[in-house]
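Heads up: the structure comes next, in structure tokens.
What follows is calculated from the coordinates using simple rules that are stated; it is not laboratory data. Predicted, not measured: the structure shown is a model, and the values here were computed from it. Ideal geometry is used to build each Cβ from the backbone, glycine not excepted, and the neighbour counts take in all protein chains shown.
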């Protein structure tokens with residue numbers, strides 16, 4: 001190794017390592033190395049216990065009453081059940097699924113409280129609709145009151161409604 005001196009300093013060349021490919025950088029050989037690990041492997045994915053399908057507890061747009069004429073049809077032609085804090089309007093729909101519509105007045109509270117009521121009502125319906133004897137279009141009206149709507153209260157009202165009117169199936 002040649003030593004060069006410049007202004008009293010010695011410059012010694014250091015041995016250079018051979019250039020290696022960085023495995024983190026994609027290059028022309030990346031395709032030859034194999035898969036990147038992002039591909040879905042067979043046999044993996046959402047699995048449900050025996051006898052239960054994942055679609056049983058799903059909640060999509062098809063599970064809702066979305067248009068005004070649908071609500072008005074249930075109000076006009078359906079039956080009514082009044083509970084403590086909730087009024088249920090229901091009518092057989094002859095579809096393959098029960099559907100829900102929510103009617104919550106501004107008198108119930110500000111948007112945060114109304115949205116919480118909606119989430120709780122949808123959750124109770126989603127987890128318990130398979131117990132109804134037949135498929136219904138169901139509109140739930142929340143009446144303003146002093147009693148706060150909590151999950152257990154809504155569940156109790158839904159079960160009472162189903163047992164007394166809609167034909168509750170005990171599974």
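Quick look at the values:
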{"read-out": "Segments 153-162, 119-128 sorted - mean Cβ within 10 Å per residue, highest first", "value": "153-162, 119-128"}
{"read-out": "Rounded, prolate or oblate (a/c below 1.5 giving rounded, otherwise prolate when a/b exceeds b/c) for segment 67-165 by Cα gyration tensor", "value": "prolate"}
{"read-out": "Separation of the residue 66 and residue 151 label points, Cα + 7 Å toward Cβ, nm", "value": "2.8 nm"}
{"read-out": "Approximate spin-label separation residue 128-residue 111, in nm, with each point projected 7 Å along Cα-to-Cβ", "value": "2.9 nm"}
{"read-out": "Sorted by Cβ neighbour density within 10 Å, fewest at the top, the residues 104, 87, 140", "value": "87, 104, 140"}
